[in-house]
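A short worksheet on the structure shown next.
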Amino acid sequence: MNDEIKIKTLTPLWTGDIDGECNKIKETGIIGSLRWWYEALVRGLGGYACDPTDSICKFDYKKYHATGNVEDGLHDVCDACRLFGCTDWRRRFRIETEYNGKSVYDGSIKITVDQNNGWYLPGGICGDLDFKIVDDEYQKPIMQLLNFISKWGAIGAKTQQGYGVIRLNGNVNSRSYTKELIDFIKKNMNGNDKQNQEYLPNIKDFFFSKIYVNEINDENLGDIKIIHSEEKKEDLLFKLRNEYNFLPTAPKVRYYLREHFRETYKGNDDLRHFLCGFISTKRRPVILNLKEKILKKMGSKIFVSHAFKENDKWAMNLWGWIPEYVSVIGNTNRDKLFNEFKKNIELKIKNIFKEDSDIRFKWKTITDDKNSKNIENFILDLGDSK
Ligand SMILES: [Zn+2]
């Protein structure tokens, strides 16, 4: 098996940096999002994944030394930490990346919609990247995981702001590829009976959508300002459109996502914050206890990518998860909430790109019973589709 994975970015990849720049790929930024997706799959497939921001997973040296069996040491380590590491247990693989380029633009652009506070979008990395998974045993499952994510989601940081849609070069599009990933995850499960927290990402609660648009006019992106750069707006947009093949559509779509929840669940700010995250920390409401923890610690549950070129059309990935927990926060039913969201967001997106009469949506979600067979088929189906 070839040990290099060739990846092409479809929207800029952001792996973070303290100074707000991203000219190099930081391994940790990739690992964090791989872990996030892996956890969602583990929870959906019946395993247990701890909350990584509040983890007590730890390798038990005492038990290990008593028997000499690694599995005994791993007894209290969750299924995600087994692969991604925790206290006294190192991550099972390393990623080496190669990229010969720099940030797609200097400074940032600020996009404002209806005179709101606006979003700042720094450049990020665009182009062809080489990934190498160091450690033979985990090379294939990590590649399979990347392949799975590339179909409908995104990797890296700032994925809620449009970044990180990728494509794997090479023909790895088969159902059996995802089946192997599922088998790997199941094989590596601890088998302990800890319960997942139901507000954490679980693939059974996910929905995915691909939105296809023929034409996108610059005027439909929102009000754009160039920050800390001499580049002219028209020149930059021309470059993004024609050279990098993406357009920064995420802020405007996000704005209307948020508006949907504001209009449909009037007065229920908690529900909107729970699903869309907080716009700014200053405005965080005072909430208490578990609810406070759940609301404060977690970002958006709904993600939308920038528009990228796919077979001469513009495509956008829209995905997220709506847990049953919305009934606690929002006093509403999960399926009802999702169906309202789906219907309304189609209308709103059609209204954003209204010059284009042929906007199409492809949705994926589990509509049947969420039993293990249907969940597995859902995962296989997602990995299979382009
Ligand atoms: Zn853990």
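Some observations on this one:
- Helices (runs of 4 or more DSSP H) (entirely within the stretch 324-384) containing at least 3 residues that are of a type in the set (D, E, K, R) and without any contact (Cβ under 8 Å) to a residue 60 or more places away in the chain: 334-352
- When Lys252 is tested against (1) touching a helix residue (DSSP H, G or I) at 6+ places or on another chain (Cβ under 8 Å); (2) not in a helix (DSSP H, G or I), just one condition goes unmet, and that condition is (2).
- Positions within the stretch 210-236 being more than 30 Å from Lys342 (Cα to Cα) and not charged (D, E, K, R), in sequence order: Ile226, Ile227, His228, Ser229, Leu236
- In summary, Pro201 fulfils each of the numbered conditions (1) under 27 Å from Asn351 (Cβ atoms); (2) in contact with a strand residue (DSSP E or B) (Cβ under 6 Å, 6 or more places away or on another chain) with the single exception of condition (1).
- The lone exception for Leu145 - which of (1) at pLDDT 90 or above; (2) assigned to a loop (DSSP other than H, G, I, E, B); (3) within 28 Å of Phe207 (Cβ to Cβ) it fails: (2)
- Test set (1) in a loop (DSSP other than H, G, I, E, B); (2) of a type outside the set (S, T, N, Q); (3) surrounded by 21 or more Cβ atoms within 10 Å (Cβ to Cβ) - Gly170 fails condition number: (3)
The values are calculated or read from the model by the stated rules, or taken from the named source; none is laboratory data. Bear in mind that the values here come from a model prediction, so they are computed numbers and not experimental data. Using ideal geometry, Cβ is built from the backbone for each residue, glycine included, and neighbour counts are taken over all protein chains shown.
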